[in-house]
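First the structure, in the form of structure tokens, and then the observations on it.
The values are calculated or read from the model by the stated rules, or taken from the named source; none is laboratory data. The shown structure was predicted, so the numbers you read here are calculated from the model rather than taken from an experiment. Note: ideal-geometry Cβ built from the backbone for every residue, glycine included; neighbour counts use all protein chains shown. Quick note on the areas: whole protein, heavy atoms, side chains included, nothing else; ligands and nucleic acids left out. Shrake-Rupley method; radii C 1.70, N 1.55, O 1.52, S 1.80 Å.
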Number of protein chains: 2
Amino acid sequence: MAAIVDPAGSAASDSPAPAAPSTKERILHAALESFGTTGFDGTSLDDLARHLGIAKQTILYHYASKDALLAAVVDHAAAELTATLEEALRSEELGWGRIERLVRSVFRLALRRPELLGLLREVSRPGSASAARLSDHLEPLVERARLFLEAEMAAGHLRSSDARLVLLSAYSTVVGVATEVEVLKAVGIEPTLRTTAVRRRELLRFLRSALVAD
Amino acid sequence: MAAIVDPAGSAASDSPAPAAPSTKERILHAALESFGTTGFDGTSLDDLARHLGIAKQTILYHYASKDALLAAVVDHAAAELTATLEEALRSEELGWGRIERLVRSVFRLALRRPELLGLLREVSRPGSASAARLSDHLEPLVERARLFLEAEMAAGHLRSSDARLVLLSAYSTVVGVATEVEVLKAVGIEPTLRTTAVRRRELLRFLRSALVAD
DNA sequence: GAACCTCCTGACCACATGGTAGAGGTTCGG
DNA sequence: CCGAACCTCTACCATGTGGTCAGGAGGTTC
């Protein structure tokens, strides 16, 4: 529908100049942060604007509505996620090594940008309208991962099992790591690098036991 | 949507009168359902009342405020959760068998009352005020589980590892099973009994590999 | 200097929200 | 029959919400 006119700012292709982010970008990032932690319903445009030190109407100038903003946020998050995974998948490594590399990169992301995975969790709520949008973005990636796993299984590099369910378990675990900080605290653990490393090791062990033929 | 009527089929209870639930109870259950799926912020008292066919003010008569309602819902959910776990823990079985029994009962719960685990997820959002309330309720249970695991480790029945992190992983998995239906669909799987069974098997395999000395 | 553009803002609006006040209505003991 | 506690309702309110409108500041073009 209302395709946001891309304001000439598509020049941000090559030079990684640390240029001051445009207002539009600042809004996007703040919204991602807030949607990913406080939730969509829990975030008001007024709060967002106040936090950014701008007028709410400025948000609505750049994004036609709150829903449009969410859509943009989802698009951005999907792109970022895809980039992370693509990078990890670039290696031509096969078998277990590739999986391990992938898991490590996602855990790094979970640690650095927990709100990004928080957004996943938020958006994938049952009945969410943006769920479809997100999965449209991620579907090819998932498909690719699935085909890779299945090919590896067929080739005998990995043990046969339901690739999609394995992916799902890995997903749950990583998102859990990023979003269940409160639970962590409740169990009496302060989230540290170490605990994350342990959980990563656990996931790897699980994947290994599920996928690697002994 | 209908059939809020709990079958009350707790296995070993002596035929409690299936009395029509009081308005207060109906409110509590509807709120649990809605908070656990649509979220707290996403649930308005008006919607809730309309859905129940009562006036909003009736809700506010029984529960002083929306927050008070949430508190009551959290209390109720914690009680239900505790009851489920307690029942599974009643057996004097030791070692792996007990763990397996526990996992099975929780999966059963995840299948039957996904909104209950959805509420967990909702409430354990970073910064949630009710997180503390929930963990107050569940803390003794967690502690008990931890001590059990550690004792079993010390006794050599289970392999040594960080009991709390194992618990956390199990938690993530189960809550994921209950709440990530949209993700499941996005990956191209319709949630069925079978997929749940597979994921339960996976969790058990993981726990086994983490806990059982080969 | 005028016309035009992009970016941003203050003033304002319709409406949904959580919450209050008060008026019945029902039930039950005295 | 009376009152009292309990429950539910209609009517209303203050505030916060997403969103509209008109316009201003700064720059570029002719």
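Worth a mention:
- The residue among A:L147, A:L193, A:A30 whose Cα reaches farthest toward the positive pole of the charge dipole of chain A, with charges on the beta-carbon of Lys, Arg, Asp and Glu, is A:L193.
- Alpha carbon convex hull of the stretch A:59-107, volume per residue in cubic angstrom: 74
- In a fully extended conformation the segment linking A:H29 and A:A83 would gain 17.8 nm over its present Cα-Cα distance, using 0.36 nm per residue.
- Remark on chain A: Rg and Dmax equal 19.1, 61 Å (Cα only).
- With all protein chains modelled, accessible area of B:Y63 [1.4 Å, Å²]: 20
- Modelled spin labels at B:R208 and A:D136, positioned 7 Å past Cα toward Cβ, are 4.3 nm from each other.
- Extending 7 Å from Cα along the Cβ direction at A:H51 and again at A:S160 yields two label points whose distance is 5.0 nm.
- On the protein assembly as shown, 56 percent of the accessible area sits on carbon and sulfur atoms, based on a 1.4 Å probe.
- Between 0 and 90°, nearest 10: helix A:66-89 axis offset from chain A longest Cα axis: 30
- In chain B, the longest principal axis of the Cα atoms and the axis of helix B:23-37 are about 60 degrees apart.
- The eigenvalues of the Cα gyration tensor, multiplied by 5 and square-rooted, give the stretch B:147-196 an equivalent ellipsoid with semi-axes of 33, 10, 7 Å from largest to smallest.
- Cα-based Rg of the protein assembly as shown normalised by 2.2 N^0.38 Å, two decimals: 1.04
- Phi-derived couplings, Karplus 6.51 cos²θ - 1.76 cosθ + 1.60 at θ = phi - 60°, listed residue by residue for the stretch B:197-208: 4, 5, 5, 5, 4, 4, 4, 4, 4, 4, 4, 4 Hz, with x used for Gly and Pro.
- Interface burial in the stretch A:179-214, defined as at least 30 Å² less accessible area with all protein chains than with the chain alone at a 1.4 Å probe, covers A:E180, A:E182, A:V183, A:A186, A:V187, A:I189, A:R199, A:E202, A:R205, A:F206, A:S209.
- Relative to the current alpha-carbon distance between B:Y61 and B:T192, full extension at 0.36 nm per residue lengthens the span by 43.1 nm.
- Adding -39500 (n - 2.57) for every DSSP H run of four residues or longer, then dividing by how many residues the protein assembly as shown holds, sets the calculated 222 nm ellipticity at -23000 deg cm²/dmol.
- Cα-Cα over 29 Å, subset of A:K66/B:K56; A:K66/B:K24; A:K185/B:K66; A:K56/B:K66: A:K66/B:K24
- A:S22-B:K185 pseudo-label distance in nm [points 7 Å out on the Cα-to-Cβ vector]: 3.5
- Per-residue extension of 0.36 nm, minus the Cα-Cα distance of A:R101 and A:A68, leaves a gain of 8.4 nm for this segment.
- Selected from B:T23, B:T179, B:T82 as most flexible by GNM, with chain B as the system and alpha-carbon contacts under 10 Å: B:T23
- For chain A, the Cβ-based charge dipole about the Cα centre amounts to some 560 debye (Lys, Arg positive; Asp, Glu negative; other atoms uncharged).
- 0 to 90° range, to nearest 10: angle between helix A:163-179 axis and chain A longest Cα axis: 50
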